[in-house]
Structure formats: C-alpha cells, structure tokens
1. Looking only at region 96-123, filter to residues that are buried (at least 21 other Cβ atoms within 10 Å of the Cβ) and in a loop (DSSP other than H, G, I, E, B); which one of those is modelled with the highest pLDDT?
2. If you go through region 65-95 one residue at a time, how many are surrounded by 15 or more Cβ atoms within 10 Å (Cβ to Cβ) and part of a loop (DSSP other than H, G, I, E, B)?
3. Consider region 51-62. How many of its residues are in contact with a His (Cβ under 9 Å, 6 or more places away or on another chain) and crowded, with 17+ Cβ neighbours inside 10 Å?
4. Looking at the structure I just gave you, is LYS135 charged (D, E, K, R), surrounded by fewer than 19 Cβ atoms within 10 Å (Cβ to Cβ), free of Cβ contacts under 8 Å to residues at least 60 places away in the same chain and closer than 21 Å to ALA19 by Cβ?
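The values are calculated or read from the model by the stated rules, or taken from the named source; none is laboratory data. These figures come from a predicted structure and were not determined experimentally. No Cβ is skipped: glycine too gets one built from the backbone with ideal geometry, and neighbour counts run over all protein chains shown.
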Amino acid sequence: MSLGYDQHYFDEFCTDPMAFYKLLHYPPQAEDSHPLQRGIGAHRDFGVITLLLQGDVPGLEVWDEEAQEYYPAPPVEGAYVVNLGNLFERWSNDVYISNVHCVINRSGTHRYSIPFNYNGNPDFVIRCIESCRSKPEDEKYAPISVDDYVRQKYKDVYNRVGIYQVAERVAWLPGLPCVLYVRITAGKY
C-alpha cells in the first residue's frame, strides 16, 4: 500500500462498519437550462470512501483545482469510480484529497447512479496516519470517532435546510428526505 503498511492496517476500522447507498436519478436537463443548473451541485463526500456505479450515461464532473475547471468523468463499463471523502482527507493529514465533483446531465436521457458510502466502524477513532506526518506535532486535526464526525457533518448539512431537528425526533415521515445508516454485520440485524 502507498501508506507503507500491510494489508491488515485497516482491519479495526473495517470491523462492524457503517455504510449506506443511494439510488439516484437525474432527469435530462433542458438544452436551454442555466449553465449553473446541476443534477447535484458541487460537493465533496464527507465520509471515508465512496464507490460509485454510474451506469452508461455521462454527467459526473470532477473539479481540477489547478486548472480551475470541471472535467468529465466518463462512465467506463464494469468500473467503479472511487472517491475519497473528507474524513479520509483528515485521516491522511491532507495527503490524500477529497475532490469536488458535481453531476450535470446534458445527455438528453435519464441518468441513474448508485453511490455506496463506506465510513467504517462508528466507534473507531480517526487519528492521523503516522506515515502522513513527520512528527506528532505535524498533525492538523484532533482525533475524532467516525460516528462523531459523521453525525456532525449531517447536522451541519441538515441544519442549513432546517431538517435535522425534525429528523432527530421522527424516524420517518412520508416526503421527508431520509438518510439511513446501515451497520453491516455478519449474522446480526
């Protein structure tokens, strides 16, 4: 591995993981739509890693910080797009970057994708990976559990749109956007 550790380095992180997936639909955008109209606006995934099966319709675009422009990420049959999220960027002390990306469906047809977000064991404490710093004082971020980090990010996002307070009290209401954490465990429900 490029971090300099063996294949078991992430085992504790991967025990009893928290993960979820979404089924996304992007209707075709009208040819005369505003240039800033997006199927999903510019964002960075805030978890650890996202695996994306995007089908055969283009639309995913990735921001190039150096060039200051978006580049298409065309679908490749049978391949997954792998996005590192903000929590992995933090874990790696900013050595690995969480890229900004968006979806603009200019294809004229419906686009579907299935992102799978893997955030690991909610009780695992994210500390700077030792090979991503020269000495302990070079760490840019304080240790934090996966659960605390992900919860805070959801609060940040949903507080902006006024949903979090309601979602915290109500398990589910028809028409209310809902994100479910699914803990993947062997033989447990």
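1. Of everything passing the filter in region 96-123, SER98 is modelled with the highest pLDDT.
2. 6
3. Here the count works out to 3.
4. No, not satisfied.
Matching residues to (1) over 30 Å from GLY108 (Cβ atoms); (2) surrounded by 11 or more Cβ atoms within 10 Å (Cβ to Cβ); (3) of a type in the set (Gly, Ala, Ser):
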residue: ASP6; (1), (2), (3): yes, no, no
residue: TYR9; (1), (2), (3): yes, yes, no
residue: GLU31; (1), (2), (3): no, no, no
residue: PHE46; (1), (2), (3): yes, yes, no
residue: ILE49; (1), (2), (3): yes, yes, no
